[in-house]
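Each remark here refers to the structure printed beneath this line.
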Amino acid sequence: MLRNLEEGGTFLLTTSFTADQIWNELPGKVQKTLIDKKAKFYIIDAVALGQTLGLGARINMIMQTAFFLISGIIPVEEAVTAIKNAIKKTYGKKGDKVVEMNYSAVDAAMTNIVEVKLGDSIGGHAMPPTVPESAPDFVKEVTATMIEGRGDEVKVSQMPNDGTWPTATTQYEKRNIGVQVPEWLPENCIQCGRCSLVCPHASIRIKVASDLKNTPEAFKSVEAVGKQFSGRKFVVQVFTEDCCACTQCVDVCPAKIKALQMIPNSEEVRQTEAKNVEYFLSLPEVDPAEIDPSTIKGSQLCRPLFEFSGACSGCGETPYIKLVTQMFGDRMLVANATGCSSIYGGNLPTTPYCKRADGRGPAWANSLFEDNAEFGLGMRASVNKLGAQAAELVNQAVAANMITQTMADEILNAVQKTQADIELQRGRIAQLKGKLEGSKDVIAKRLLPVADYLVKKSVWIFGGDGWAYDIGYGGLDHVLASGENVNVMILDTEVYSNTGGQMSKSTPRAATAQFAASGKKMPKKDIGMIFSTYGNVYIAKVSMGANPVQVAKAIAEAEAYDGPSLIIAYATCINHGINMTKGLHQMKKAVDCGHWPLYRYHPELEEAGKNPLTIDSKEPTITFEEYAMGENRYRMLKMVNPAHADELMAASQKDVTKSWKFLVARAAALEPEK
């Protein structure tokens, strides 16, 4: 932080320590730099001020004001006037309450800045390492340098020469940014796994363990429930250094008395939970044969292979991605459209996609906005071709007496529906490789590199609504019409989230966004019903906050279907202008009002003489306006043009009513003839 500070410069730090305490809490290296550069040192407890004012951890206005006050760039009165004018211009449409809260932040900053006298001696603690000593060499030499903001010092010779980057590196970052973190209260826990399910950053996890020995002093567990887990212990572990303090886990807990509570994050908490996390990670994973990953608890007992991403606190998208990796991550290939999901999914310096202890995990690549669906189809075509080549070579290996016909039949005819089936097939492939290794025969040399393609691969295509509804729509249509076995997940925030909130064809009528400042005048495209007309595409419309059971079931069905699938997942976003700690509630309201009806369209049901369309939500119980007025994207128009807002809101209610009637009528029309 002080590397670019000039001599005589000013350093402003937000901290909970007082002016009398702070000097002794600084690392020795920081103390030395401040003394050597004859710096002016100021502190402010911006976090405490933000919480008092109702701003939470949003301290940018407080810090900006403090900067202008102590920098002397412009006169104080002029700076304060300019900041308050900017507040009115920026937040005026969001209501007087938001404006006044930010005005209060400015006023509070003016009276809470404290100058700290530099100490006479250097006696602070050592600077903690950027990444742990246990990290791989690449992480210590390249990733850590980038984390420190010195990426321009990385040598070309240190960079990967084939364009690939190691996965599973977010685990070494340990940002420790949560002002408050969850604490598990085991005596209240009903062991449902919902806290783990909804966590956007995989920073709260569950395990069932049979033998807890030499546990850290503060490690918590409770007797596991469930017949298959009799005699074992159930554990919930919070990764406090990776938590973003969104409070979703506490909010979703259905226990009569909450099994989680938020507590202040401190150095004592960090050190205690770091030991607990290390022990938790050493515990063996559950046997796949004991669980059903298509259930909430079953899926959450699987290790997430997407963790600690840089997504926003309370992100509505990442829980869906995390869940998919828990169910199929060990054999996933991901084509990711540019957007939020590509930024938090593959940005430098660290990568959230990770791997199991045996090294298996998702293979991920980002494509252009306009061709991501085709990119994913290419992955499917490659997997199919390599699998077919491997099958041909297996038969040739039989003819050459390298393996038996029995081994070949077991491999080529293996059922690969469950995780247990997959692991058995991997065992067969390991035996096959054992027979081939060391052979100089050309068949063996050709088969060894492609043998793993005889294990089922799961191809996924991720992207937002800007990609799927707009720029990449033509390609998506082509890929779904191909009939190939690909799984598409649309992370639908109803707006171009990554580029600042522009309108997409997914944006509902009456919502404001960039390019729709006066409210969008056309209704949302019904992409699910459009693709249901093909008849061969599995389609599910899901909402984590409304029906998580349906989410897990739909993902399992989509992946199991031997054909194209499309999952449209409702995701709350900061661009909606909501309290992100209550995002799950807003997801439920979207379903309750009929704006986001839940359904699954399964072509195989029609082939079996059943209705392929299952409606998983009830008839609307609240109005569209009751849902919409909980979000600034709708409220803003109401404040600046009430008459026009009412007109669009009435039209939106008609949209909802009509789409619900259409869905019900479609289901009735698809009932098989008796």
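See the values below:
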| item | result |
| --- | --- |
| Residue within segment 615-628 that is part of a helix (DSSP H, G or I) and under 19 Å from residue 198 (Cβ atoms) present | no |
| Residue ranges of helices (runs of 4 or more DSSP H) in segment 485-597 with at least 1 members in contact (Cβ under 8 Å) with a residue 12 or more places away in the chain and farther than 24 Å from residue 652 by Cα | 548-560 |
| Residue match in segment 26-45 (condition: within 23 Å of residue 581 (Cα to Cα) and modelled with pLDDT under 90) | no |
| Residues that are touching a residue at least 24 places away in the same chain (Cβ under 8 Å) and open to solvent by 70 Å² or more (accessible area, probe 1.4 Å), drawn from segment 226-241 | 228 |
| Those residues of segment 464-490 which are of a type outside the set (D, E, K, R) and under 26 Å from residue 422 (Cβ atoms), in sequence order | 479, 480, 482, 483, 485, 486, 487, 488, 489 |
| Residue pairs meeting the criteria (Cβ under 6 Å; at least 6 apart or on separate chains; first surrounded by fewer than 16 Cβ atoms within 10 Å (Cβ to Cβ), in segment 62-77; second of a type outside the set (Gly, Ala, Ser)) | 76/69 |
| Sole exception among (1) in contact with a Leu (Cβ under 9 Å, 6 or more places away or on another chain); (2) open to solvent by 30 Å² or more (accessible area, probe 1.4 Å); (3) on the phi > 0 side of the Ramachandran plot for residue 359, by number | (1) |
| Of all residues making up segment 232-285, the number that are under 18 Å from the mean Cα position of the chain (by Cα), hydrophobic (A, V, I, L, M, F, W, C) and in a helix (DSSP H, G or I) | 3 |
| Tabulated pairs, segment 277-291, first closer than 26 Å to residue 183 by Cβ, second open to solvent by 50 Å² or more (accessible area, probe 1.4 Å) and of a type in the set (A, V, I, L, M, F, W, C), C-beta under 7 angstrom, 6+ apart or interchain | none |
| Top-ranked residue of segment 242-288 - restricted to ones that are under 24 Å from residue 132 (Cα atoms) and of a type in the set (Lys, Arg), ranked as most open to solvent (accessible area, probe 1.4 Å) | 275 |
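Listed here are the residues, each with its yes/no results for (1) of a type in the set (A, V, I, L, M, F, W, C); (2) closer than 29 Å to residue 249 by Cβ; (3) part of a loop (DSSP other than H, G, I, E, B).
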residue	(1), (2), (3)
157	no, no, no
160	no, no, yes
167	no, yes, yes
171	no, yes, no
182	no, yes, no
187	no, yes, no
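The values are calculated or read from the model by the stated rules, or taken from the named source; none is laboratory data. Computed from a predicted structure; not experimentally measured. When we count neighbours, we look across all protein chains shown, and the Cβ atoms used for this are built from the backbone with ideal geometry, even at glycine. In case anyone asks, the SASA skips ligands and DNA or RNA and just uses the protein heavy atoms, side chains included. Shrake-Rupley method; radii C 1.70, N 1.55, O 1.52, S 1.80 Å.
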